[in-house]
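The values are calculated or read from the model by the stated rules, or taken from the named source; none is laboratory data. All values reported here derive from a predicted model rather than from experimental measurement. No Cβ is skipped: glycine too gets one built from the backbone with ideal geometry, and neighbour counts run over all protein chains shown.
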There are 2 protein chains.
Amino acid sequence: MSTPKIVFVTGNANKLREVTMILGGDSSPFTLVNEPLDLEEVQGADLEQIALAKLQQAVSALGVGKPVFVEDTALCFDEFNGLPGAYIKWFVKSMGLEKIVKMLDNFQNKGAYAITTIAYADSKGQFHIFQGKTHGTIVSSNGPTDFGWDSIFQPDEGHNNETYALMAKEDKNKISQRGRAFAQLKEYLYNTGA
Amino acid sequence: MSTPKIVFVTGNANKLREVTMILGGDSSPFTLVNEPLDLEEVQGADLEQIALAKLQQAVSALGVGKPVFVEDTALCFDEFNGLPGAYIKWFVKSMGLEKIVKMLDNFQNKGAYAITTIAYADSKGQFHIFQGKTHGTIVSSNGPTDFGWDSIFQPDEGHNNETYALMAKEDKNKISQRGRAFAQLKEYLYNTGA
C-alpha cells in the first residue's frame, strides 16, 4: 500500500530537501509531494496570520481533503523589535547579505530570533499551526551563501561560532527553527495521521 | 445637485486630511467619503501589484459601481535597493524613527525615494494606476513626529534643509510624492468624471 500523500507548497528546493530530511526521508510513513503554487503573502506583524492566509489559498487551489502545509520563516532582529521578520526574504533578494549585516553596524545588540511557522490543513480541512524558534547572532557572512541568510546567522546553541551555513545538516536540523517546527508537525502526523 | 461621491479607503486621518486638501477641498466637484476598510496588503516588490490587490478587495467589499481608490506609500532607500519600500509603515511602527535612521549610519548614501501609488476603480469597475515620486535624504528626526516618517525625510526640492514635517502643508503637497500622485488622479477625475 502506498503511503498517504502530503503536499508541501514551496518553490524553494533547499527548503524541500531540508523538510524531507526532517520528516524522516525515505523511511517516513508519508510521501511528501511538492507543489510550487504561487501564493500571495500578506503583510503584517503576525506570523501565524501570514501562514494561515497562505494556507487558505493553497487549500482553495488544491481543494479541501488533500493534506497540505505551507511554511514561512522569519528573521527577527532583537533591536528591530521583530523586523525584518517575514520580510527578510525581500531583504536578502534586494540588498544582499553584506548590507543586511551593515544595517546592524551601529547597534550593539546583534541578537536575532529565527522563527518558522507551519500552517497545516489536514484531510478534513482543519487548520493547525506549529512554530519553532531559535535565537542567535547576526555575523559577517561565513560559509556557503546558497541558502537564504544561513551564512549570517550564528545560533546560540551551535559550536565553534559556526553559522547555519557551516554546520552539518543533521546538526543544524536538531537546533534550527525549521527543525523544531517540523519536529512538531512530524509528531502530530505520526500520532494522528494526515 | 450633490457632487458625485468617491470613496477613499484609509484608516489614517492625516492621509485623509492631506488628500482632501490636494483634491480641492470644499471647492472640489467630488465628495470624498472615507471608508476605513480593513484590507490585507500583499508582500512583494511591485508597488502597483500591492495597490491593485488592495483595490480588488475594496471593490469586492463595496460592490462594483462605486468609485473608490486606495493608496500606498513606500519609502525606498537608495542603498537598500528599494527597501524598506512598502514595509516602511511596519518599520515606523515596530522600531521607531530613530532606529530607522540608525540603520543607515554606516552607509554613505542616505538617499531615498518616496513613492505613492494610487489604485482607482471608476464607476464602470475599470482600474487605473497613478504614481508620484519624490527624491530626498534620510536625516535625523526634525519636526513633529505625528505623521509617519515625515520628520526624517528631507526632500531635494525643499528649502533650508526642511523635512516634510517642518514644511507648510501647501508647500509639501506641491513637491511630495502624494501630492504628485493625487494631482494626476485629480486631473483624471476633472477631465473624465468618476
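Details
- Candidates A:Gly25, A:Gly44, A:Gly63 - the one that is within 14 Å of chain B (Cβ to nearest Cβ) and either of a type outside the set (Lys, Arg) or touching an Asp or Glu at 6+ places or on another chain (Cβ under 9 Å) (or both): A:Gly44
- Selected residue (only one of A:Val59, A:Val33, A:Val68 is surrounded by fewer than 17 Cβ atoms within 10 Å (Cβ to Cβ), touching a strand residue (DSSP E or B) at 6+ places or on another chain (Cβ under 6 Å) and not small (Gly, Ala, Ser)): A:Val33
- Yes/no for B:Tyr120 being farther than 30 Å from A:Asp78 by Cβ and modelled with pLDDT of 95 or more: yes
- For A:Gly85: the one exception among (1) at pLDDT 95 or above; (2) surrounded by 16 or more Cβ atoms within 10 Å (Cβ to Cβ); (3) at negative phi: (3)
- All positions within segment B:115-158 that are buried (at least 23 other Cβ atoms within 10 Å of the Cβ) and of a type in the set (Gly, Ala, Ser): B:Ala119, B:Ala121, B:Gly136
Conditions tested, residue by residue: (1) within 13 Å of chain A (Cβ to nearest Cβ); (2) over 18 Å from B:Asp46 (Cα atoms); (3) of a type in the set (Asp, Glu).
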{"residue": "B:Gln57", "(1), (2), (3)": "yes, no, no"}
{"residue": "B:Val70", "(1), (2), (3)": "no, no, no"}
{"residue": "B:Cys76", "(1), (2), (3)": "yes, no, no"}
{"residue": "B:Asn81", "(1), (2), (3)": "yes, no, no"}
{"residue": "B:Lys89", "(1), (2), (3)": "yes, no, no"}
{"residue": "B:Tyr120", "(1), (2), (3)": "no, no, no"}
{"residue": "B:Gly136", "(1), (2), (3)": "no, yes, no"}
{"residue": "B:Thr145", "(1), (2), (3)": "no, yes, no"}
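- Among the residues making up segment A:94-130, those that are within 16 Å of the chain's Cα centre (by Cα) and under 20 Å from A:Val19 (Cα atoms) are A:Tyr113, A:Ala114, A:Ile115, A:Thr116, A:Thr117, A:Ile118, A:Ala119, A:Tyr120, A:His128, A:Ile129, A:Phe130.
- Residue list for segment A:1-31, filter: more than 16 Å from A:Thr116 (Cβ to Cβ), among the hydrophobic types (A, V, I, L, M, F, W, C) and part of a strand (DSSP E or B): A:Ile6, A:Val7
- All positions within segment B:7-21 that are within 12 Å of the chain's Cα centre (by Cα), of a type in the set (A, V, I, L, M, F, W, C) and surrounded by fewer than 19 Cβ atoms within 10 Å (Cβ to Cβ): B:Leu16
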